[in-house]
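Report on one structure; see the data block that follows.
The values are calculated or read from the model by the stated rules, or taken from the named source; none is laboratory data. As the structure is a prediction and not an experimental result, all values here were calculated from the model. Backbone-built Cβ (ideal geometry, glycine too); neighbour counts: all protein chains shown. These accessible areas exclude ligands, DNA and RNA; they are computed on the full protein's heavy atoms, side chains included. Shrake-Rupley method; radii C 1.70, N 1.55, O 1.52, S 1.80 Å.
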Amino acid sequence: MEEEGEEGAFAVEQCKTIVEKQVASQIAHDLVWNPKLENMQTVIIENILKELNAENESRQGPQGPLRFKFVVLCELQQNSGAGLANASTCYWDNATDGHYAYKYSTEHIQAFVTVYGVLV
């Protein structure tokens, strides 16, 4: 991806702020792993998408509104010493499209969130 702040580029810093806030607000430091955490993944993903979409509505480029499509992935696992591996590759326009990946860990839970943004 091109340098942050370029007109029309995926806004990594805005995405970072949104993702880190949503993950921290949903995963409490004292939360213990349990099977009902599936709902937590859904809440994290939906809240991130809502905030990204709100930011998306207000972005303007030199030729008018900028519209991005987003893909949000959230992986949760018990923090038991096991590894958490994630890999991806994308074929896109490096000048406009981008991604942000964030790992969050507590004593009991590891979260890995990835957001992809593609200019439409």
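Of note:
- Failed item in (1) surrounded by 14 or more Cβ atoms within 10 Å (Cβ to Cβ); (2) at pLDDT below 95, with Gln78 passing the rest: (1)
- Annotation: Trp33 fulfils all but one of (1) touching a residue at least 24 places away in the same chain (Cβ under 8 Å); (2) open to solvent by less than 70 Å² (accessible area, probe 1.4 Å); the unmet one is (2).
Residues checked against (1) among the acidic types (Asp, Glu); (2) more than 26 Å from Gly8 (Cα to Cα):
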site	(1), (2)
Gln26	no, yes
Asn39	no, yes
Ile48	no, no
Glu55	yes, no
Gln77	no, yes
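- Only a single item in (1) within 12 Å of Val113 (Cβ to Cβ); (2) open to solvent by less than 60 Å² (accessible area, probe 1.4 Å); (3) charged (D, E, K, R) is not met by Lys21, and it is number (2).
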